[in-house]
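What follows is one structure encoded as structure tokens, with my remarks underneath.
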Amino acid sequence: MGFLRDALKQKLQEVTAGVGDLLNQNDNASSADNNQGGDDEVPETSYPHQYGANRFGSFAPESSGDVKWYVDGASYFWAVSIALEQAKESIYILDWWLSPELYLRRPPAKNEQYRLDRMLRNAAERGVKVHIIVYKEVEQALTLNSQHTRKHLEGLHKNIQVFRHPDHIPRGRDVLADLRSKMQMGTFSLAKLPQNTLTALYGTKDDVTLFWAHHEKLCVVDRKLAFMGGLDMCFGRWDTNSHPIADAHPSNLDDIIFPGQDYNNARVYDFEDVSNWENNKLDRTKSSRMGWSDISISLQGHIVDNLVDHFIDRWAFIWNEKYKEKDPGKYALISANAPQQEQIRDRGYGDNRGRGYGDNPPYPDFGEFETPFHLRQHARRFLGDTDDEDHDHRRSSERPRRSMKVQVVRSCSQWSGGHDTEKSIANAYIEIITNAKHFIYIENQFFITATCDAQKPVGNKIGKAIVDRIVRAHRAGEKFVIFVMMPAVPAFAGDLKSDGALGTRAIMEFQYFSINRGGNSIIESLIREGVQNPADYIRFYNLRNYDRINTSAAMAQAAKDAGVSYEGARRDYDDKFERDIDDGRSRGQYESSRGGYEGGRGYEGERGYGGDRGYDGGRGYEGGRGGYDNGRGYEGGRGGYDDGRGGYGGGYGRERDEYNVQGGYGGRYEGGRGDDRYGGRGDDRYGGRPSSGYGGGRRDDEYRPSSRYEGSQGGGRQHSQYERYQEAASKIKDNTWDTISSCYMLNGPDLHSVPWNGSPESEIDAFVCEELYIHSKVLIADDRVVICGSANLNDRSQEGDHDSEIAVIIQDKNRVESSMNGRPYRASAFASSLRRFLFRKHLGLIPDQRWDAYNNNWTPVNQVTVNEYDWGSHADQLVEDPLSDDFLALWYKTAKANTKIFRKVFHAVPDDTVRTWEDYDRFFSEKFILPGTDAKAAEEGYKKGKVDYGHVVKDEFPGGVEEVKEWLGRVRGTLVEMPLDFLIDVDDLAKEGLSFNNLTNKLYT
């Protein structure tokens, strides 16, 4: 770990005796630096803790490094794939769920070598040691199948090792046996289980019921490059900034972007039987997927040391608790020394075996298992090994700029890591909110918090910090705004009124009690404190989007000519790309493709598929009718909200030629405005022929099906359903787009211009809508500080002794000239660019993002250090000042307009007009047939004018599909208002059902 073990042992007493002085010196020095740095720093705060006086009570001191952000999965997983491809010594992964069959690049047909299990196997064959820790789930409650993850990956190569934790050792095995005999996975509600049954199901350790999960998302490559944030490497997470929710490709199955169970809508069906990943019962010709909005980062520099420490410590804890005795000799500890000395497999354990450390104990012998991180960190400084050249050579491929202050914080306890409870994430949230001066932006999967002790069982007091900060601003007459983004509905399947949705309603009720109901919520507390209009200070928002499934005439014609259904051929496609990992083809593709990223930016080796970034010969978004011409966006035409024509009066569009691929996000971070380039499609301009189309592209010869395909129904059989359909489809001309998600993005096409090959009736039936699921775990304050990690805003993540979590606090000292509330302001480049990009994305002020349109922002931080961003572009100027009246009007009006449109066209719930269950029936239940409805009931529903869930209620549109387009053509971005009045007149959403089992309060908060 960068210091001599023997030297440390010799000086241990001296270091221990003087560690208090060292800590005080460090804090004093940091305070001095903070004073020099101005008001951008979060004030130093020390908490009593076993690890010493580190800020926020973290196990880790403040550190330094470079950090790069990724919004949504396409860019993040591409960057991860580069790092895995270049790994030389070690890969460490912590995940709540890991799907070995996840494709890190899309489409799968052209990226078989970038499936996760193949990448890990190839790394292991190069001699890389792969260590993975995943959460061991309760099988009756979750469908993660971590056993499949372990068996599948460990079966690939001896260099891959997988730990699962915790073991749910049940009490009352007779109760558990009865439970398992009566219930199938995912078919019951935890809220209805008796307390003793629930305890038996989850098991106990040290009298603690193991409700909790390892929830971290972390990947460290060669101990010098780290990835973390909200994204697990699992099904359902990969997505683009445009969030297409349709993925039917009648002209070419090889254009499929979301294979198998990766095409998922958790509001319709939960994941099931994930070891057979191609088993997806969601019919993609009828149901949309659910988009996934998320944020992650990559890091390099000294901060990675702390992340490595965290992983090694967790590995040692689990090994000592479980695998030392369960599988003696199979697994070993990870050494704290250099990676090449990292692990000795199948050897004796020497004198240290009794302590469980093997030949190379990970830490000095302090007489106890617990790892003294703070001593080790300060001892390294004491021995002068913090900034030496050798350390940097081992830890980083390039000297970090050290312009960012970065600190690791976490939630950790005895059950999860063998340590006393640490809740430094919660401490950081509260301190940063308390000290914010201008605004706070929160984007999180959950929002469950308390303003006082009366809100038990909720314990975290982030809500109190929010109330106190707003009250302070109100009394001082300050302009202060908090934006909260969260999902409209938790991602659990089922009609909200059904018995199966009791747990979903419980979470929603806890969230509403945190926001505006129950007597002690944030809004109610503010009103009691004299804040008569809390909406001046805090507002809540969701995301929602629409698309159109390509069920045009070409699908029926190809199916008829081939003699197979589209879905049958699609399932055969899924099986084709889930063939045995050792088939040889993917290995050959992998070997031939490597090198494209060796040495810096080198994209040229893998630029496109036949000369460009798109599909060779594909049809593009232009569709022969206008594409993105005239810079529509917000400028006029159909973009406005005032009367459907006039926009907001300011002209928000950008001409398409301002966005080209050469610049990425230009201007970098040197404080200048750069140019107006986004990093787009070059000559394609996100809409032109011949290579940017979403559908109908002819196949490259390289991917044309062979005459014999070992399909899912027998090896070597000729003419699989996939082949037969592909052959028939290749003879049919169809100009229908496979997704229209570009229409609500910047300079998107007029919806009326998008071609459809079929009847107007079939087109209106093809429009679909779903909530865009927010899974991010981010807080941004004042455009100067960012919290990013795995922690939700609820007790499970924040209390420390519940779920295990990890996050980082990021303060970038690189400044950009900005404005705040109409005044000049120096913002942090990292925080400001991330916040502005998120605002623009939600407002539809970024161009459509292709899944293969990689640029510098899709690379790890060790290749291109900073995010490229178009500082000073017209769209950027619209979101530059989060407190300006013009921006707030844009934000509020966009959310309001989008909400009204989705209410009108799709009867989307939740909705503010639905205040009772009777309203719910009239507005929703009487309009839709839910997936899973039996055929007879569905047929009766169709006769009554019902439509499939998520589709247009077409009886309400006498003008037909053109009227629908008039409405949907006004949608901009995905921002909608959170319906705070949804079911507000219902006395009890869930508590009556939950009273049967008080333990579920802990599960749902």
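Just so it is clear, none of the values below were taken in a lab; they were calculated from the coordinates. On a predicted model such as this, the values are computed, not experimentally measured, just so you know. Because the Cβ atoms are built from the backbone with ideal geometry, glycine has one as well, and the counts that use them run over all protein chains shown.
Structure values in brief
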quantity	calculated
Anisotropy class of the range 797-854 from Cα gyration tensor, a/c 1.5 cut	oblate
Debye, to nearest 20: dipole size of the range 238-335, +1 on Lys, Arg Cβ, -1 on Asp, Glu Cβ	200 debye
Pairwise FRET efficiency - Lys497 versus Arg472, Cβ, R0 = 41 Å, nearest 0.05	0.50
Gyration tensor (alpha-carbon) shape descriptor, the range 488-545, a/c threshold 1.5	oblate
Among the listed pairs Lys286/Lys965; Lys479/Lys777; Lys900/Lys943; Lys777/Lys900; Lys151/Lys286; Lys423/Lys813, those beyond 31 Å (Cα-Cα)	Lys151/Lys286
Calculated FRET value between Tyr892 and Lys151, using beta carbons and R₀ = 56 Å, to 0.05	0.60
Which of Val808, Ala829, Gly844, positive extreme of dipole for the range 769-886 (C-beta unit charges)	Ala829
Length-normalised contact order of the range 491-585 in % [C-alpha pairs under 8 Å, at least 6 apart]	8 percent
Those GluC sites (Glu not before Pro) in the range 88-142 that DSSP places in a loop and that have at most 16 other beta carbons within 10 Å	Glu139
Electrostatic dipole magnitude of the range 80-160 [Cβ: Lys, Arg +1; Asp, Glu -1; Cα centre; debye, to 20]	240 debye
FRET E, pair Ser759, Asp921, Förster distance 35 Å, beta-carbon r, rounded to 0.05	0.65
Ranked list, fewest to most other Cβ atoms within 10 Å of each Cβ, for Ser753, Ser790, Ser741	Ser753, Ser741, Ser790
Neighbour-count order for Arg115, Arg528, fewest beta carbons within 10 angstrom listed first	Arg528, Arg115
Shape call, the range 413-505: gyration tensor on alpha carbons, a/c limit 1.5	oblate
Point-charge dipole on Cβ atoms (K/R +1, D/E -1) for the range 760-844, about Cα centre, debye to 20	940 debye
Over the range 403-535, relative contact order from alpha-carbon pairs under 8 Å, at least 6 apart, %	21 percent
Residues His215, His752, sorted so that the one with the fewest Cβ neighbours within 10 Å comes first	His752, His215
